[in-house]
2 protein chains.
Amino acid sequence: MTAPPSYLDLLKAVDNFPYIDISSTPYVEDANLAFYRLLLPNDSRTHGYIRPSIVRKLTWPPAFQIKHNIPRTVQLLDDSNGKDTAAACNRAFYEVIENAVKDKTFPFLTSMQWENYRLMGANYETVQMLRSASRLFGIASRGAHMTAYVRTNNGMKIWVGRRSAHLITYPGMLDTTVAGGVRAEESPFECIVHESAEEASIPADYVRENAKAVGAISYIAKGSAADAESSSLLIPVVLYNYDIELPEHIVPKPEDDEVEEFYLWDVEQVKKAMISRQFKTNCAAVMIDFFVRHGIITDENEVDYLDIVTRLHRTLPVATASSQRAD
Amino acid sequence: MTAPPSYLDLLKAVDNFPYIDISSTPYVEDANLAFYRLLLPNDSRTHGYIRPSIVRKLTWPPAFQIKHNIPRTVQLLDDSNGKDTAAACNRAFYEVIENAVKDKTFPFLTSMQWENYRLMGANYETVQMLRSASRLFGIASRGAHMTAYVRTNNGMKIWVGRRSAHLITYPGMLDTTVAGGVRAEESPFECIVHESAEEASIPADYVRENAKAVGAISYIAKGSAADAESSSLLIPVVLYNYDIELPEHIVPKPEDDEVEEFYLWDVEQVKKAMISRQFKTNCAAVMIDFFVRHGIITDENEVDYLDIVTRLHRTLPVATASSQRAD
């Protein structure tokens, strides 16, 4: 019998890209790690990491200048004559992704009809690309999660969702109360407000008034491009976390077809489900952060306490804030 | 006129050791960074980083084996014949530090009469050394901070302490409600319980019942050895954070001579004092973490949000948990 995973084991399953300082090292020795850095116009900071096989497979429009020597770079040029750099970037990303859709380069890229993700650290508002393609470019993606809890006479209870069985990713697994990818044009808080209504029938006004921003967690996933090659992608992720205390009369109910059911569980039930790996992997990380902030996981009861806390907040090797400040 | 510091600027003043991956790189090119790794018996993990000039100045007992080639190491040997490895380590640390006290090697090391700090990641319970000497060995030090707040009709108010004018470190500056170094033999929570009584006259029973563990922050300070040489030390720090909500009738009062006065301030007053650098530097970091957890600093109002959150939780280049697990 295998020993049950520790909380740190659960985090390692999410934050599974090797702990190497990829931002400062070319890693020529290891072809698998010799990523191309994605550079935006007039900005020397790295915004993404692209695997060599992805660079080879994509059909790049002329706005992208590719340098194969170390340090390898994919430099996006500004072909707007200084008029609207963000729009120029967005056209270029649209074009390279549209080429891949047309050419059926990747099995998961079948349509341009989906929401966009923002390039978090871009100096131009709002540089964006198709959500389903963002993993290929290794840009940081933004998600938002809200954990709803209820104070009862028998202690704290937590609202846990079960994902629908027909979902492509993590079907039937447990989830946070409300979660979603943050669209390019919205803030994490706006994402939570509309997802609360769409996924859990929690009134938008109540969420707007009572949801509390409580921090963010960050990790780097070793994703797959689901193509023939086994080498991994580098996917930096930021999850913005919110807590909300619900009165007993507000009961989350599945509204769209993404959630099958909600359970109101006590802490022991949630722990048990985590340890038996019933949670979607990154939702386990959100729940561990919740446990840390609420004094459920402490230095006194958890030998890995500090490693858990730092691992929940990995420094990402991409720009995550604009370098152009207002005065 | 200089612009006021951002929250991220305040964090950079605390977490001021360069962001280099010192654990995986010898840094031979830069003599200043060619630290010696401190190794404990039967354990290949690094427990501290010692500056070359410190290695030269100290008089090492035979239990320490020093290797000057890259990677440079100070290896502590077990001379207990397997009887009590922790005691053997502690004798060796006592001896090398006592030598420095006798020889007056460092101006701040004048006495062996002070509390001890634990080596966090040691596999033997409890390896420890004199608190005032710990910075020389670059071991992780543990502190605990508690922020007391009051919910009033006019919003949240926070209890802020002012350090006594006669303290050697940061005299007269602002501080968290309760804080202290965690002694080798105690847990962070125990530290907060007794410091609450000693520093702020908050009843131990009330703290034990109501203080809530809410996470930890970590950083690496570029300390000085206060000797003739200008090159810096590497000081990894962990601060365990606690929140406590106080009813209006429990009022913190200075009890020992470390705190001069307590103020009950609203969030705007605390912000103003932070931005004008009136807080002890690491207390500003604790307060920023409090602001993040309480939804005062959010992604919507702070451009550096993610950088702040990750910077508050730096991965430390030393072992911070025992590698020997119970089954």
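Some points to look at:
- Per-residue ellipticity at 222 nm computed for the protein assembly as shown from its helices equals -7500 deg cm²/dmol, with DSSP H segments shorter than 4 residues left out and the rest contributing -39,500 (n - 2.57).
- For A:THR46, the amide hydrogen comes within under 5 Å of the amide hydrogens of A:ALA319, counting only partners 5 or more places away or on other chains and with H modelled in the peptide plane.
- Gaussian network model of chain A, springs between alpha carbon atoms under 10 Å - residue of A:ILE308, A:ILE250, A:ILE288 with greatest fluctuation: A:ILE250
- 7 Å along Cα→Cβ, label-point gaps from B:LEU167 to other copies, nm, shortest first: 4.8
- Taking amide H atoms as placed 1.01 Å from N in the peptide plane, the amide H of B:PHE279 lies under 5 Å from those of B:LEU174, each 5 or more residues away in sequence or on another chain.
- Nearest-20 debye value, the protein assembly as shown charge dipole, Cβ charges on Lys, Arg, Asp, Glu: 1900 debye
- Cross-link partners for B:LYS271 among the aspartates and glutamates, with Cα-Cα distance under 19 Å and sequence neighbours closer than 8 places in the same chain left out: A:ASP327, B:ASP9, B:ASP175, B:ASP243, B:GLU261, B:ASP289, B:ASP299, B:GLU300, B:GLU302, B:ASP304, B:ASP307.
- Accessible surface, chain A, averaged per residue in Å² (probe 1.4 Å): 43 Å²
- Cβ-based net charge around A:HIS166, under 13 Å, with every Lys or Arg adding one and every Asp or Glu removing one: -2
- Helical segments meeting 18 Å axial Cα length and Kyte-Doolittle 0.0 threshold in chain B (DSSP H): B:85-102, B:281-293
- Residues whose placed amide H lies under 5 Å from that of B:ASP266, excluding near-sequence neighbours: B:ILE158
- Residue-wise HN-Hα coupling along the stretch A:237-249, computed from phi with Karplus coefficients 6.51, -1.76, 1.60 (Hz; x: Gly, Pro): 10, 10, 10, 8, 10, 10, 10, 9, 8, 9, x, 5, 7
- For the stretch B:104-120, 3J(HN,Hα) computed residue by residue from phi via the Karplus equation (6.51, -1.76, 1.60; θ = phi - 60°) reads 6, 5, 10, x, 8, 9, 10, 7, 8, 8, 7, 6, 9, 10, 8, 7, 3 Hz, glycine and proline entered as x.
- Exposure here means at most 10 other Cβ atoms within 10 Å; with GluC sites (Glu not before Pro) in a DSSP loop as sites, the longest stretch of chain B lacking them is B:30-247.
- Links that overshoot a 23 Å alpha carbon limit, given the list A:LYS280/B:LYS12; B:LYS212/B:LYS253; B:LYS57/B:LYS102; A:LYS157/B:LYS212: A:LYS280/B:LYS12
- Here the accessible area of the stretch A:35-137 is 45 percent carbon and sulfur, with a 1.4 angstrom probe and all protein chains present.
- For B:THR2, the distances from its label point to the matching points in the remaining copies are 5.4 nm, ordered from shortest, with each point set 7 Å beyond Cα toward Cβ.
- B versus A: buried accessible surface, summed, Å² (probe 1.4 Å, to nearest 100): 2800 Å²
- Straight Cα distances below 20 angstrom link A:LYS104 to the aspartates and glutamates A:GLU95, A:GLU115, A:ASP227, A:GLU229, with same-chain residues fewer than 8 positions distant left out.
- Computed over every Cα-Cα pair of chain A and binned at 10 Å starting from 0, the pair-distance distribution P(r) comes out as 5, 24, 32, 24, 12, 2, 0 percent.
- Within a Gaussian network of chain B (alpha carbon springs, distance under 10 Å), most fluctuating of B:GLY181, B:GLY138, B:GLY295: B:GLY295
- Expected-Rg normalisation [2.2 N^0.38 Å, Cα atoms] applied to the stretch B:153-234: 1.39
- Sites A:GLU209 and A:ASN301 - FRET efficiency at Förster radius 41 Å, r taken between beta-carbons, to 0.05: 0.75
- Anisotropy class assigned to the stretch A:180-327 is rounded, per the alpha carbon gyration tensor with a/c under the 1.5 cut-off.
- Share, in percent, of DSSP beta bridges within the stretch A:35-137 that are antiparallel, nearest 5: 80 percent
- The accessible-area ordering, largest first, of the residues B:LYS253, B:LYS67 stands as B:LYS253, B:LYS67, per a 1.4 angstrom probe.
- Among beta bridges identified by DSSP and lying wholly in chain A, the antiparallel ones come to about 75 percent.
- DSSP bridge pairs, the stretch A:185-327: antiparallel proportion in percent, nearest 5: 90 percent
- Considering only B:ASN116, B:ASN241, B:ASN210, the Gaussian network model of chain B with Cα springs below 10 Å gives its largest mean-square fluctuation to B:ASN210.
- Nitroxide proxy distance, nm - points 7 Å out along Cα→Cβ at A:SER187 and B:GLU185: 5.1 nm
- Inter-copy label distances for A:GLN113: 8.1 nm (label point placed 7 Å from Cα along Cα→Cβ; shortest first).
- Candidate cross-link partners of A:LYS83 among the lysines, defined by an alpha-carbon separation under 28 Å and a same-chain spacing of 8 or more, comprise A:LYS67.
The values are calculated or read from the model by the stated rules, or taken from the named source; none is laboratory data. Only a predicted model underlies this, so the values are computations on that prediction, with no experimental measurement involved. Don't worry about glycine lacking a Cβ; one is built from the backbone with ideal geometry, like all the others, and counts go over all protein chains shown. To get the accessible areas, we keep the full protein, side chains included, count just its heavy atoms, and leave off ligands, DNA and RNA. Shrake-Rupley method; radii C 1.70, N 1.55, O 1.52, S 1.80 Å.
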